[in-house]
Each structure stands twice: as structure tokens, then as C-alpha cells.
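Have a look at the structure below before the remarks.
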Amino acid sequence: MFIKNTKDLKDALRNGKYAWPGGYPMYFITDDGEALSFESVFDHLKQVLHSIKHKDMYSGWRVIGVDVNWEDDQLYCAHSDQKIESAYSED
């Protein structure tokens, strides 16, 4: 799902970090291609909202999408280095 504005981001956060239906784990994608966990986005919500609103391409906080982590068992949050759960990894 694309994040086009601050409302889209708030809706994604409100829906939670698991896709419905299915309960698949999701994560945010920044404009520079990095992954962010739901926890990092929530913890730095002010910076993320500001970056989206002002189309700030240099802060690293501009979220442009949210997606399911299907199989990447080596996906880590670029900010917190927290491992992002995958739906079908072979852990």
C-alpha cells in the first residue's frame, strides 16, 4: 500500500502491524528504500509526519509505503536494528 499523505500513515498505524485477513507481519518502506518497523515509526511519529507532509527526501523518515514481509528472514529496521518478523521464513 502506498502512503501518499499523513492520513494514509495514521490509517496504517491504526490498522496495526499485522495484515488483515491473514495476520501477516508488515513494515514501512522509506523513500530511500529502507525498512522501518511499526515501533520505530510510532516512536518517531512527529519526524515521520513532518517528512511526509513536507516531502522531505533527506531525513530518512519519509515513509512511502507499507508492505508484508513474506519471506525475508534478514529484514531489520533501519533505525532500531530490530528484526522484522516474516510470514514464511525458515528460521
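Details
- Estimated 222 nm signal from helices in the chain, with DSSP H stretches of n ≥ 4 weighted -39500 (n - 2.57), rounded to 500: -7500 deg cm²/dmol
- Label selected from (1) 12.7, 38; (2) 13.1, 48; (3) 12.4, 40, the criterion being Rg and Dmax of the Cα atoms in Å as computed here: (3)
- Modelled this way, with points 7 Å down the Cα-to-C-beta line, the labels at Asp43 and Tyr76 are 1.4 nm from one another.
- Reachable aspartates and glutamates from Lys17, criterion Cα separation under 15 angstrom, eight or more residues apart if same chain: Asp8, Glu39, Asp43, Asp67, Glu85
- Efficiency of FRET between Tyr88 and Ser59 - r from beta-carbon atoms, R0 35 angstrom, step 0.05: 0.60
- Cross-link pairs exceeding 21 Å between alpha carbons, from the set Lys4/Lys55; Lys10/Lys83; Lys4/Lys83; Lys53/Lys83: Lys10/Lys83; Lys4/Lys83; Lys53/Lys83.
- Mean Cβ neighbour count within 10 Å, used as a protection proxy, ranking 16-23, 30-37 highest first: 30-37, 16-23
- Between amide H atoms placed 1.01 Å from N, distances below 5 Å from Ile3 occur with Gly65, Val66, all of them 5 or more places distant or on a separate chain.
- Within the shell of other residues whose beta carbon sits under 12 angstrom from the beta carbon of Gln47, the net charge comes to +1, with Lys and Arg scored +1 and Asp and Glu -1.
- Between 0 and 90°, nearest 10: helix 6-15 axis offset from the chain longest Cα axis: 30 degrees
Rule-based calculations on the coordinates, nothing more; no lab input. Keep in mind that this is a model prediction, so the values were computed, not measured. Don't worry about glycine lacking a Cβ; one is built from the backbone with ideal geometry, like all the others, and counts go over all protein chains shown.
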